[in-house]
Amino acid sequence: MSGTEVAAWRARLPEAFAPPPRRRLWRALVAAAFLAWLGWALAQFGFTPARLWQGLSGLAAILRLMLPPSPGALWGDILRGLAESVAMALLGTVVAALLALPLGFLGARNLVTATLLRFSIRRLFDGFRGIDQLIWALAYVRAVGLGPLAGVLAIATADIAVLAKLYAEAIEAVERRQVEGVAAAGGGWAERLRFGVLPQVLPVMLAQALYFFESNTRAAAILGVVGAGGIGLQIAERIRVRAWDEVAFIILLMIVTVAAIDWLSAWLRQRLIGGRR
Amino acid sequence: MLELRGLTRRFGTVVAVDAVSLAVPAGQMLGIIGRSGAGKSTLLRLVNRLVEPSAGQVLHDGVDVTALHGRALRGWRRDCAMVFQQFNLVQRLDVLTNALLGRLAYQHGLRRARVLLTGGFPAAERARALAMLNRFGLLAVALQRAETLSGGQQQRVALCRALLQAPRLILADEPIASLDPANARLVMQALREANRAEGISVLVNLHHLETARAYCDRIVAMQAGRVVFDGAPSELDAARLRAIYGLTEAELAAEAEAAAARPAMA
């Protein structure tokens, strides 16, 4: 294609060759502003190559101390802590999922026509979601004392709002025709929910709860650090006395545990949801 | 010349394409007919290696296509453009960029890096694509997303993409099965035009024997992965068809149409 032809096409449809100048200017400004902000923020946090290098060598020193991993003398404590973490995650997730179920129905646009009620419930979810598990754990440790109960409560409280929001969205995505079928057969609102909506959303809800269980197992390790029970306490103690080889051992155990739960929940999801054939 | 030698593809225990041998001279327009599941789609996909053969060879001008990989394979796919029943456009990209995808395999080195990084094609390529879109009456929608177009428009964009590859061969897999009659005619005429004016060989899967008769130089009929007829359109008369499929032409077309409508709804 010759230069004059290209020029002709460019004159005919300039937008096909480059965005209009105003949009280009706007993009350049946004990009420059972002880069400036990024540089400023990095500088504020003392992000210098020297410090990064120092940090890396510190990390390498820790890694050297971790090898070879060793269970240490307190085998029993480690295993008990790990079991406690898994139990905390499971209990917390189950409680959160059960409480989130009715809340999810209340927050669904296609079910709750009272806009004010639905709106306030959704904003309440948003508010709760703004508070992290760790904050809840700190609060519950003061309220109910040290130990796994605080951990379970922290996990449950933090997850209710998130699960309720996800459940509400799943409910809003149900196919209306199936619900209509139940209504046309003479079903009241309870029948429509039970037989029209629930069969559609239950697999989604279970899958989401299982994902939360997985991620809570990881999170439960941290909760112990602030005194809310589980394996985290064991890790924190060993870091304090610089027993890095034992820390490495616990980390390996945690990786194995999380992988096992991952595999188990994938299998469960397959069983629960893949029931089409 | 495109040559298939004993081309076979098994999916588990199913033999989709069973020892097919064909020679397609350069510049021929070949119609492939058959019931759904006869192996027509797999055959075309074997030619451009979207499906790997279980046995057999594809040769083009003496080059063993089945042995190509890496850059040579990309080059071969550029040379044999594919047109799909469901268009296979990238829905969220604009029409112009979809057409420009046909020029992807021509970008090398720095230009390729630039295209990959910024999505920006050189001005000459853009002009070429615009000229092609204009030929198919798509200039007005060039900057719209593909998903905003009707099926007929989308298939025309797909044709632009195919022709911009400057191919030596076009593989069209049921290109008109999802289109209304007017767009179907337009697409078939465009394929015929590419075949006649530019000497591009065309292999087209069709379910209407009537369409194949109207546009093709030669017809191949497939049944259960095998070629059961190969000859001039005039030789495939009602008696011959009945002998092959045990169906009349109308029944065959109706059955294929029902089968073709299924993926369109999904």
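The table for this structure:
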read-out: Enumeration of residues in segment A:1-36 that are out of contact with any helix residue (DSSP H, G or I) (no Cβ under 6 Å at 6 or more places or on another chain), among the aromatic types (Phe, Trp, Tyr) and at pLDDT below 90; value: none
read-out: Scope segment A:98-140; condition of a type in the set (A, V, I, L, M, F, W, C), out of contact with any Lys or Arg (no Cβ under 7 Å at 6 or more places or on another chain), farther than 27 Å from A:Gly151 by Cα and in a loop (DSSP other than H, G, I, E, B); matching residues; value: A:Ala108, A:Leu111, A:Ala114
read-out: Candidates A:Pro68, A:Pro19 - the one that is part of a loop (DSSP other than H, G, I, E, B), outside the structural domain of A:Val197 (by TED's automatic domain parsing) and open to solvent by less than 60 Å² (accessible area, probe 1.4 Å); value: A:Pro19
read-out: Only one of A:Ile62, A:Ile78 that is in contact (Cβ under 8 Å) with a residue 24 or more places away in the chain, in a helix (DSSP H, G or I) and surrounded by 16 or more Cβ atoms within 10 Å (Cβ to Cβ); value: A:Ile78
read-out: Any hit, segment B:13-23, residues being open to solvent by less than 20 Å² (accessible area, probe 1.4 Å) and outside any strand (DSSP E or B); value: no
read-out: Residues of segment B:59-84 satisfying the condition of being touching a residue at least 40 places away in the same chain (Cβ under 8 Å), more than 11 Å from B:Gln165 (Cβ to Cβ) and touching a Phe, Trp or Tyr at 6+ places or on another chain (Cβ under 9 Å); value: B:His60
read-out: A:Ala156 being open to solvent by 70 Å² or more (accessible area, probe 1.4 Å), of a type in the set (A, V, I, L, M) and out of contact with any Phe, Trp or Tyr (no Cβ under 6 Å at 6 or more places or on another chain); value: no
read-out: Unmet criterion (only one of (1) in the same structural domain as A:Trp189 (by TED's automatic domain parsing); (2) in contact (Cβ under 8 Å) with a residue 12 or more places away in the chain) for A:Ala114; value: (2)
read-out: Among residues of segment A:174-205, those that are within 26 Å of A:Leu99 (Cα to Cα), hydrophobic (A, V, I, L, M, F, W, C), open to solvent by 80 Å² or more (accessible area, probe 1.4 Å) and out of contact with any Leu (no Cβ under 9 Å at 6 or more places or on another chain), counted; value: 1
read-out: Options B:Leu164, B:Leu93, B:Leu110, B:Leu138; residue that is open to solvent by 30 Å² or more (accessible area, probe 1.4 Å) and within 14 Å of chain A (Cβ to nearest Cβ); value: B:Leu93
read-out: Matching option when the condition is at pLDDT below 90 and either in a helix (DSSP H, G or I) or farther than 27 Å from B:Leu93 by Cα (or both), among A:Gly46, A:Gly39; value: A:Gly46
read-out: The listed residue being over 24 Å from B:Leu100 (Cα atoms) and within 14 Å of chain B (Cβ to nearest Cβ), out of A:Ala18, A:Ala28, A:Ala41; value: A:Ala28
read-out: Residue in segment A:121-130 that is open to solvent by less than 20 Å² (accessible area, probe 1.4 Å) and free of Cβ contacts under 8 Å to residues at least 60 places away in the same chain present; value: yes
read-out: Cβ pairs under 7 Å, 6+ apart, first in segment A:211-224 and at pLDDT 85 or above, second assigned to a helix (DSSP H, G or I) and among the charged types (D, E, K, R); value: A:Phe212/A:Asp159; A:Glu214/A:Asp262
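The values are calculated or read from the model by the stated rules, or taken from the named source; none is laboratory data. All values derive from a computational prediction rather than experimental measurement. Here Cβ is always computed from backbone atoms with ideal geometry, including for glycine, and neighbour counts include all displayed protein chains. Just the protein is used for accessible areas: all its heavy atoms, side chains included, with ligands, DNA and RNA removed. Shrake-Rupley method; radii C 1.70, N 1.55, O 1.52, S 1.80 Å.
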